[in-house]
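S.K.: The structure under discussion is supplied below as structure tokens; questions concerning it will follow.
The values are calculated or read from the model by the stated rules, or taken from the named source; none is laboratory data. Keep in mind that what you see is a predicted model, and the values were worked out from it rather than measured. FYI the Cβ positions are ideal-geometry reconstructions off the backbone, even for glycines, and counts take in every protein chain you see.
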Amino acid sequence: MEIFFGYLVTWFLGLAKIGLIALFPLCLVSCFTGHLKRLLVYIYGDLTRNERNKFVLYGVLFFFIIGIYWLLRSIKDPTFNAFIGSRHTWVADIVSIAVVFPMIAGYSYLVDLFPRHRLFYAMAALYAALFLGLWFLVKSPEFGMLAPLEHRWKLLGWISYVVIDSFGSLMVVLFYSFMADTTTPAEGKKGFFITTTFAQIGDILGSLTVAKASHLLGVETLYLVAALATVICIPAMVRFIIWFIPKEEFVGYQAKKVVVEAPQTGFVEGIRLILSQPYLMSIFVVVSVFEVVATIFDLQFKVLIADYAQGDAAVYAAYTGKFGAYVGALALGSILFGVGNFGRRIGLMFSLTIMPLLMAVNLGVMTISSTLNVAFWVLVLSRGLNYAFGQPAKEQLYIPTSRDAKYKSKAWIDTFGSRFSKATGSGIMGLKYGLGAPMMVVSGLAFSLCLAWLAVAFYVGKKHKHAVEQNEIVC
């Protein structure tokens, strides 16, 4: 079975490379005709010329964001292991929740300060500076990764972990907020799967860059690559989108009951909306419980990789790069085989219930066997299908909401929710690593959360359907 999956993923990786070379130019010049056009209509649905141009360009922007993120994600854990040790990753997930509040406060301040497209410029400049600083520090032979173990500056392990995690949270939040703000519900059923396709190609290439280049360049040099890609590619693509796409295409969901929002409401408005609106709290549950269960899988996986790598950061990075490429290949293959078409047929409410059922099954598998190979395939399946199917479904939930909900509440849900859920998952795993509890206890707690997630998914999907049918803003 593993050999079969290996051949399948290898084929998808080749398909991704071909897609990057061939499909991108075809998309950008709108040359979809004949059999290719019919294939794309089957995969994504029927789009107008303007919709196709819009979502393809959004997809290219997301390609850069996700490609950079997976490059960084693939070197995050090797860096942390080199300075701190993978068995302390669960502590890092708990500690990192302390940086969420000032981080989201700063992001919410930027939301009020800049127009939505200029937020990308500000965030790209900020993170490029942070990655450049990390490159300078991590490569130091006196206290960086190249120094003897006893001389390494351990704080660098914590800083790099938090900075990379925050990039994956805030830049993705910003992209999806911008997309939800400029997309109608009908467009969203098609457009989110188009952008996800490009994102998975970015995932594959970013991960493969680490898998192939970590031995050649060294893990520390990849921070410089990420800094240059962030400051050049993201702003340039945003500028091109604003120049190329007609202004009328940036008009999103227009409800008959429009909420007039006061300018510069502050970062606390996002929290207030979550606490006062059951719809947003339900989205919080849908987003967070997935991360709780995935964190349980992830922490076991990292410990197993660290044992396999025997302290070699390049070996660790190559393995995590390979993992990222397999995740992207599965997600890309799922989309190309029509997962978006399947989602449109069963509707958003039932689409949201697929992932809790899948994660419950994966919990059973991990309880029975938790070897490196089993953990690898469980996480590939969980992450890959979530990126291909779960994520596009969840992001559509924000379309019938206010601007504060899209930008500020979403930032709290995706960033604080991610940290909170990782801390929760880490705390549950602390029962095993800290107190020696059997895996059966851990799985039982996680399975209970999956049942609650399933019930909430039904509720929020039904609420979304009613709001769209009535042409209303939920909150």
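S.K.: When Val260 is evaluated against the numbered criteria (1) within 26 Å of Val460 (Cα to Cα); (2) at pLDDT 85 or above, which criterion, by number, is the only one it fails?
M.R.: Among (1) within 26 Å of Val460 (Cα to Cα); (2) at pLDDT 85 or above, the lone unmet condition for Val260 is (2).
S.K.: If I ask for residues that are of a type in the set (Val, Ile, Thr) and assigned to a helix (DSSP H, G or I), which ones from region 384-413 would you list? Spell out how you get there, then give the answer.
M.R.: The first filter runs over region 384-413 and keeps only residues of a type in the set (Val, Ile, Thr), leaving 399, 401, 413.
Of everything in region 384-413, just one residue is of a type in the set (Val, Ile, Thr) and assigned to a helix (DSSP H, G or I), namely Ile413.
S.K.: Going by the conditions given, is Arg383 among the basic types (Lys, Arg), over 26 Å from Leu330 (Cβ atoms) and in contact (Cβ under 8 Å) with a residue 40 or more places away in the chain?
M.R.: Details: among the basic types (Lys, Arg): yes; over 26 Å from Leu330 (Cβ atoms): no; in contact (Cβ under 8 Å) with a residue 40 or more places away in the chain: yes.
Criteria not met by Arg383.
S.K.: Could you tell me whether Ser288 is outside any helix (DSSP H, G or I) and touching a residue at least 60 places away in the same chain (Cβ under 8 Å)?
M.R.: No: the conditions fail for Ser288.
S.K.: Output yes when any residue across region 437-444 is surrounded by fewer than 21 Cβ atoms within 10 Å (Cβ to Cβ) and not in a helix (DSSP H, G or I), and no when none is.
M.R.: Yes: region 437-444 contains one or more residues that are surrounded by fewer than 21 Cβ atoms within 10 Å (Cβ to Cβ) and not in a helix (DSSP H, G or I).
S.K.: Of the residues that make up region 242-252, is at least one in contact (Cβ under 8 Å) with a residue 24 or more places away in the chain, part of a helix (DSSP H, G or I) and closer than 21 Å to Pro392 by Cα?
M.R.: Scanning region 242-252 turns up at least one residue that is in contact (Cβ under 8 Å) with a residue 24 or more places away in the chain, part of a helix (DSSP H, G or I) and closer than 21 Å to Pro392 by Cα.
S.K.: On to the next question. Determine if region 430-446 includes at least one residue that is closer than 16 Å to Val287 by Cα and over 20 Å from the mean Cα position of the chain (by Cα).
M.R.: First, the residues of region 430-446 that are closer than 16 Å to Val287 by Cα: 446.
The next check asks that each one be over 20 Å from the mean Cα position of the chain (by Cα); those that pass are 446.
Yes, region 430-446 contains at least one residue that is closer than 16 Å to Val287 by Cα and over 20 Å from the mean Cα position of the chain (by Cα).
S.K.: Please find, among Leu156, Leu174, the residue that is in a helix (DSSP H, G or I) and within 30 Å of Ser409 (Cβ to Cβ).
M.R.: Just one listed residue meets the conditions, Leu174.
S.K.: Could you please find all residues in region 342-380 being closer than 24 Å to Met179 by Cα and surrounded by fewer than 17 Cβ atoms within 10 Å (Cβ to Cβ)?
M.R.: Phe342, Arg344, Arg345, Ile346, Gly347, Phe350
S.K.: Please determine, by comparing only the residues of region 351-383 that are of a type in the set (Gly, Ala, Ser), over 22 Å from Ile283 (Cβ atoms) and touching a helix residue (DSSP H, G or I) at 6+ places or on another chain (Cβ under 7 Å), which one is modelled with the highest pLDDT.
M.R.: Here the residue is Ala375.
S.K.: Among the residues of region 161-180, is any under 15 Å from Phe80 (Cβ atoms) and among the small types (Gly, Ala, Ser)?
M.R.: Scanning region 161-180, I find at least one residue that is under 15 Å from Phe80 (Cβ atoms) and among the small types (Gly, Ala, Ser), so the answer is yes.
S.K.: So if I check each of Ile66, Ile84, Ile94, Ile75, which one is of a type in the set (A, V, I, L, M) and at pLDDT below 80?
M.R.: Ile94
S.K.: For region 191-215, name all the residues that are modelled with pLDDT of 80 or more and of a type in the set (Gly, Ala, Ser).
M.R.: Ala199, Gly202, Gly206, Ser207
S.K.: Still on this structure, I have one more. Would you tally the residues in region 55-82 being over 24 Å from Asp312 (Cβ atoms), in contact with an Asp or Glu (Cβ under 8 Å, 6 or more places away or on another chain) and of a type in the set (A, V, I, L, M, F, W, C)?
M.R.: 2
S.K.: Right, next: Quick check on region 381-401: of everything there that is of a type in the set (A, V, I, L, M) and surrounded by 22 or more Cβ atoms within 10 Å (Cβ to Cβ), which residue is farthest from Phe297 (Cα to Cα)?
M.R.: Of the residues in region 381-401, the ones of a type in the set (A, V, I, L, M) are 381, 385, 388, 393, 397, 399.
Keeping just the survivors that are surrounded by 22 or more Cβ atoms within 10 Å (Cβ to Cβ) gives 388, 393, 397, 399.
Values: Ala388: 19, Ala393: 22, Leu397: 26, Ile399: 31 Å.
Top of the filtered list is Ile399.
S.K.: Return only the number of the condition from (1) surrounded by fewer than 17 Cβ atoms within 10 Å (Cβ to Cβ); (2) hydroxyl-bearing (Ser, Thr, Tyr); (3) under 30 Å from Gly321 (Cα atoms) that Ser448 does not satisfy.
M.R.: (3)
S.K.: Among the residues of region 327-382, write down those that are assigned to a helix (DSSP H, G or I), over 17 Å from Ala199 (Cβ atoms) and among the β-branched types (Val, Ile, Thr).
M.R.: Correct list: Ile346, Ile354, Val361, Val365, Thr367, Ile368, Val374, Val378.
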